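A.B. asks: I'd like to ask you about the structure that follows.
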Amino acid sequence: KKKKIEGVSENIEYMARTIWGEARGEDEQGKIAVGHVIKNRRDKQTWMGKIIKDVCLKKWQFSCWNENDPNRNKILALKLNDLEDYLELSAKVISGMYDDPTKGSTHYYAKSMKSPPKWAEGKEPVYDHGGHLFFNDVK
């Protein structure tokens, strides 16, 4: 069992690991944006998940957790000490210390994808930052 840094909840830990897996190449604002997508999904209390950990691990939602994604094993191998900055950022996102730059977005995708995902077809991003486009009108 992993040793926890004092006082870190599983929800903060899983948000931190997900942000690391999805946005470690982004600047702080890009990481905050991905954190807000996770928080916004939790806040909706839908099929996307009722708690942060479930939102992060929901099948096929964050590619870094997909069984076949090379990031998955890297994320699982990280010690909490490796995630210190991500844990702090995640705690601040969850507690509302950062404004949501994504305007309530629940979805995003990497601009580096060969083609947009099906759900994004015909939709306009509400926020464009770093390597990601963010959407809040996804049904």
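The values are calculated or read from the model by the stated rules, or taken from the named source; none is laboratory data. Computed from a predicted model, the values in this text were never measured in an experiment. Cβ sites come from the backbone with ideal geometry, for glycine too, and all protein chains shown count toward neighbours. Just the protein is used for accessible areas: all its heavy atoms, side chains included, with ligands, DNA and RNA removed. Shrake-Rupley method; radii C 1.70, N 1.55, O 1.52, S 1.80 Å.
A.B. asks: Of the residues E22, E26, which is assigned to a loop (DSSP other than H, G, I, E, B), open to solvent by 10 Å² or more (accessible area, probe 1.4 Å) and at pLDDT 95 or above?
C.D. replies: E26
A.B. asks: Please identify the pairs in which a residue from the range 91-114 that is farther than 15 Å from D128 by Cα has its Cβ atom under 6 Å from the Cβ atom of a residue that is of a type outside the set (G, A, S) and assigned to a loop (DSSP other than H, G, I, E, B), counting only partners at least 6 apart or on another chain.
C.D. replies: Pairs found: K92/Y98.
A.B. asks: Turning to a different aspect of this structure: Having 2 or more residues that are under 13 Å from the mean Cα position of the chain (by Cα) and closer than 18 Å to A16 by Cα is the bar; report the strands (runs of 3 or more DSSP E) wholly within the range 54-139 that clear it.
C.D. replies: 107-110
A.B. asks: K44: among the charged types (D, E, K, R), under 23 Å from P125 (Cβ atoms) and within 10 Å of the chain's Cα centre (by Cα), yes or no?
C.D. replies: Against the criterion (among the charged types (D, E, K, R), under 23 Å from P125 (Cβ atoms) and within 10 Å of the chain's Cα centre (by Cα)), K44 does not qualify.
A.B. asks: Confirm whether I32 is at pLDDT 95 or above, touching a Pro at 6+ places or on another chain (Cβ under 7 Å), of a type in the set (A, V, I, L, M, F, W, C) and part of a helix (DSSP H, G or I).
C.D. replies: It is true that I32 is at pLDDT 95 or above, touching a Pro at 6+ places or on another chain (Cβ under 7 Å), of a type in the set (A, V, I, L, M, F, W, C) and part of a helix (DSSP H, G or I).
A.B. asks: Which of the residues spanning the range 45-93 are of a type in the set (K, R) and either open to solvent by 100 Å² or more (accessible area, probe 1.4 Å) or in contact with a strand residue (DSSP E or B) (Cβ under 7 Å, 6 or more places away or on another chain) (or both)?
C.D. replies: K50, K58, K59, K74, K79
A.B. asks: Another one. Could you grab me the full set of residues in the range 39-53 that are in a helix (DSSP H, G or I), touching a helix residue (DSSP H, G or I) at 6+ places or on another chain (Cβ under 6 Å) and touching a residue at least 40 places away in the same chain (Cβ under 8 Å)?
C.D. replies: Passing the criteria: K39, R41, I52, K53.
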